[in-house]
Amino acid sequence: MNPVVTNHQGVSVQVRGLRKSFAGTPVLQGIDFEVAPGEIFVIMGPSGSGKSVLLKHIIGLERPDAGEILIGGKPVGSPGVMDRFRLAMVFQSGALLNSLTVGENVGLYLSEHRLKPPGEIARIVAEKLELVGLKGASDKLPNELSGGMKKRAAIARALVIEPQLVLYDEPTSELDPLSAVTIAEEIVRLRQRIRATSLVVSHDRDLAFGVADRIAVIHQGQLLTIGTPEEVRRFNDPLVQRFLSADFKPSNHPPTP
Amino acid sequence: MFQHIGEMVLMLCRTLCAWPQVWRQRQKVLDQLFDIGNASLFMVCILSLFIGGVLSLQSGPVLADRGLAGVLGAIVGTSMCKELAPVMMAVLIAGRIGSAMAAEIGSMQVYQEIDALRTMNINPLSYLVLPRLVAIAVALPLLTIFSILIGWFGGAVVAATNPRVGVPFQSFFRVLSENVDAGDVANGLFKSLCFAIVIGVVSCQQGLATIGGPRGVGRSVTKAVVNSIVLILILDYFLTRLLLYFQ
């Protein structure tokens, strides 16, 4: 599942001493980690632990109160970083532009930056949509798609960028198991194909242990552990163990008469 | 309030910096122009016709009682082009188009579409705000010209048909043309251009500042319309004072 990456096209990510508070409430309390180029790094943790806020900092949508984030060795807020590196983010909701068709959404990066002629963009869009199993959906509007299809369209939009770093925010939430497997396969395939670095935020244990090279567990804005899936599984911390082994047991809840 | 004004000025400056991209965004400008015209042309006709009519109806009998009915064309003509058409059209467009702009951009903000644009290195100001600002800055003066003409026509119809006024159609327009010149129309168009920028900037800024869910969008829409109208009326006074120096 985790092939050795030899020809790195991906870009490294370094997060150092990251702190962020909203209205006096600390959300991130000194986060430090590094992601190697081409690595699939999964950040796990319960809801409200600061995972999505962390992701927004890495892509530059939020500014930290303290600490720094380096993409390929350059601070994320510095001028030209977004031009220098190809970054993409797959939002939890897909965040497709509702006024555009799926095809226009997928080709938006190329058309807005005028990177390819319209005919070429149409060909690339069709190719990427087919890759994520959305062949023929190009002319549909986002509100005509199911949740899983929207996420796959968002992945296709990210693929078009040929990203060096892809951030996934809860890529399998609200999806049926089959769609979740498709998304997980897509994350791994992307690394195999273009050696992109992937940073996945999720509380889906199957996804995390299935695709990750390394996993970080975050709780209340602090990192509890970082390691390979096996190391995290063996990590002897009650919070981590409770999170990883949480399961519904019907026997604990006797049927009411 | 002052923070909002500061944000609006900043947004206007940043949008103007993106001006060189306006040609690239021409299709979006045309789409917005079509939306603005399509949504408001009929309302502009109705509103202007009745504004001109009621102006004649209010001032006509008073002037006629004093033997001054002949100057009605000048009063309606000047009032429509210098004051009523620019202000009333701006209020109408703030309600119909400003609210739609704030709602659309606000929804995009709430549903992370604007974040998605930023992650693709697409500047939301040049992609969303610039086409809307250019479209409204072109459309509102055009609608104001249309409103002036319809308002004059409405005033003339009432002047001619109301027995208490009794100013013939031709006489109304003869006096109007003798007293209203291109400078008066330009005065109104300048005002409407300023109002258009106010509506565009306030609505887009409120949309981009939306937080929360659908309730936040509703709050932004209300703020966009109310703030636009308040600013239009305040600005109208100062623009009138300013333009008096050029007469």
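Quick one: count up the residues across segment A:58-81 that are among the basic types (Lys, Arg) and surrounded by 14 or more Cβ atoms within 10 Å (Cβ to Cβ).
Residues flagged as among the basic types (Lys, Arg) and surrounded by 14 or more Cβ atoms within 10 Å (Cβ to Cβ) within segment A:58-81 amount to 1.
I'm told A:Leu190 meets every condition in (1) assigned to a loop (DSSP other than H, G, I, E, B); (2) without any contact (Cβ under 8 Å) to a residue 40 or more places away in the chain; (3) within 22 Å of A:Ile121 (Cβ to Cβ) except one. Can you identify the failing condition by its number?
So A:Leu190 meets the others, but not (1).
Consider A:Glu62 against the criteria (1) assigned to a loop (DSSP other than H, G, I, E, B); (2) in contact with an Asp or Glu (Cβ under 8 Å, 6 or more places away or on another chain): it satisfies all of them except one. Which criterion is unmet?
Result: A:Glu62 passes all but (2).
Among the residues of segment A:109-125, which ones are among the charged types (D, E, K, R), within 14 Å of chain B (Cβ to nearest Cβ) and assigned to a helix (DSSP H, G or I)?
Across segment A:109-125, the qualifying residue is only A:Glu112.
Which members of segment A:153-168 meet the condition of being of a type in the set (D, E, K, R) and surrounded by 24 or more Cβ atoms within 10 Å (Cβ to Cβ)?
Across segment A:153-168, the qualifying residue is only A:Arg157.
It is to be established whether one or more residues within segment A:34-42 are more than 10 Å from chain B (Cβ to nearest Cβ), within 25 Å of A:Leu175 (Cβ to Cβ) and in a helix (DSSP H, G or I).
no
Could you tell me whether segment B:51-67 includes any residue that is under 22 Å from B:Thr15 (Cβ atoms) and in a helix (DSSP H, G or I)?
For segment B:51-67, residues under 22 Å from B:Thr15 (Cβ atoms) and in a helix (DSSP H, G or I): absent.
Condition check ((1) closer than 29 Å to B:Pro61 by Cβ; (2) aliphatic (A, V, I, L, M); (3) modelled with pLDDT of 95 or more) across all residues:
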{"site": "B:Pro163", "(1), (2), (3)": "yes, no, no"}
{"site": "B:Pro168", "(1), (2), (3)": "yes, no, no"}
{"site": "B:Ser177", "(1), (2), (3)": "yes, no, no"}
{"site": "B:Ser192", "(1), (2), (3)": "no, no, yes"}
{"site": "B:Phe195", "(1), (2), (3)": "no, no, yes"}
{"site": "B:Ile199", "(1), (2), (3)": "no, yes, yes"}
{"site": "B:Ile211", "(1), (2), (3)": "no, yes, no"}
{"site": "B:Arg215", "(1), (2), (3)": "no, no, no"}
{"site": "B:Ile229", "(1), (2), (3)": "no, yes, yes"}
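Looking only at segment A:5-15, decide whether some residue is in contact with a strand residue (DSSP E or B) (Cβ under 6 Å, 6 or more places away or on another chain), more than 15 Å from A:Ile226 (Cβ to Cβ) and either at pLDDT below 90 or assigned to a loop (DSSP other than H, G, I, E, B) (or both).
Yes, some residue in segment A:5-15 is in contact with a strand residue (DSSP E or B) (Cβ under 6 Å, 6 or more places away or on another chain), more than 15 Å from A:Ile226 (Cβ to Cβ) and either at pLDDT below 90 or assigned to a loop (DSSP other than H, G, I, E, B) (or both).
Condition first: out of contact with any His (no Cβ under 8 Å at 6 or more places or on another chain), closer than 27 Å to B:Ala209 by Cβ and in a loop (DSSP other than H, G, I, E, B). Can you find one or more residues in segment B:8-19 that meet it?
Yes, there is a match, as at least one residue in segment B:8-19 is out of contact with any His (no Cβ under 8 Å at 6 or more places or on another chain), closer than 27 Å to B:Ala209 by Cβ and in a loop (DSSP other than H, G, I, E, B).
Can you confirm whether segment A:29-43 contains a residue that is within 17 Å of A:Val15 (Cα to Cα) and among the aromatic types (Phe, Trp, Tyr)?
yes
Each row is one residue, and each column tells you yes or no for (1) part of a loop (DSSP other than H, G, I, E, B); (2) buried (at least 21 other Cβ atoms within 10 Å of the Cβ).
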site: B:Leu176; (1), (2): no, yes
site: B:Gly183; (1), (2): no, no
site: B:Ala186; (1), (2): no, no
site: B:Gly200; (1), (2): no, yes
site: B:Ser203; (1), (2): no, yes
site: B:Ile211; (1), (2): yes, no
site: B:Arg215; (1), (2): no, no
site: B:Gly218; (1), (2): no, no
site: B:Val221; (1), (2): no, yes
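Against the definition (away from chain B (no Cβ under 14 Å), more than 19 Å from B:Asp115 (Cβ to Cβ), in a loop (DSSP other than H, G, I, E, B) and out of contact with any Cys (no Cβ under 8 Å at 6 or more places or on another chain)), how does A:Gly103 come out, yes or no?
No, not satisfied.
Where residues in segment A:60-76 are among the hydrophobic types (A, V, I, L, M, F, W, C), within 13 Å of another protein chain (Cβ to nearest Cβ) and over 17 Å from A:Gly38 (Cα atoms), which of them is nearest to the chain's Cα centre (by Cα)?
Ranking the candidates gives A:Leu61 first.
Can you tell me which residues in segment A:198-219 are among the polar types (S, T, N, Q) and out of contact with any helix residue (DSSP H, G or I) (no Cβ under 8 Å at 6 or more places or on another chain)?
The answer is none; no residue qualifies.
Which ones in segment A:77-100 are under 17 Å from the mean Cα position of the chain (by Cα), in a loop (DSSP other than H, G, I, E, B) and more than 7 Å from chain B (Cβ to nearest Cβ)?
Residues satisfying the conditions are A:Phe85, A:Arg86, A:Gln92, A:Gly94, A:Leu96.
Condition check: of a type outside the set (Asp, Glu) and buried (at least 21 other Cβ atoms within 10 Å of the Cβ). Does A:Leu115 satisfy that?
No; evaluated as a whole, the condition is false for this residue.
Could you name every one of the helices (runs of 4 or more DSSP H) located completely within segment B:83-152 that has at least 1 residues being within 14 Å of chain A (Cβ to nearest Cβ), crowded, with 24+ Cβ neighbours inside 10 Å and not aliphatic (A, V, I, L, M)?
Because the criterion is at least 1 residues that are within 14 Å of chain A (Cβ to nearest Cβ), crowded, with 24+ Cβ neighbours inside 10 Å and not aliphatic (A, V, I, L, M), the helices (runs of 4 or more DSSP H) in segment B:83-152 that meet it are B:99-110, B:113-119.
Say whether the condition of being under 19 Å from the mean Cα position of the chain (by Cα), at pLDDT below 90, buried (at least 19 other Cβ atoms within 10 Å of the Cβ) and in a loop (DSSP other than H, G, I, E, B) is met by at least one residue in segment A:132-152.
The answer is yes; a qualifying residue exists.
The values are calculated or read from the model by the stated rules, or taken from the named source; none is laboratory data. The shown structure was predicted, so the numbers you read here are calculated from the model rather than taken from an experiment. Positions of Cβ are backbone-derived with ideal geometry, glycine not excepted, and every protein chain shown enters the neighbour counts.
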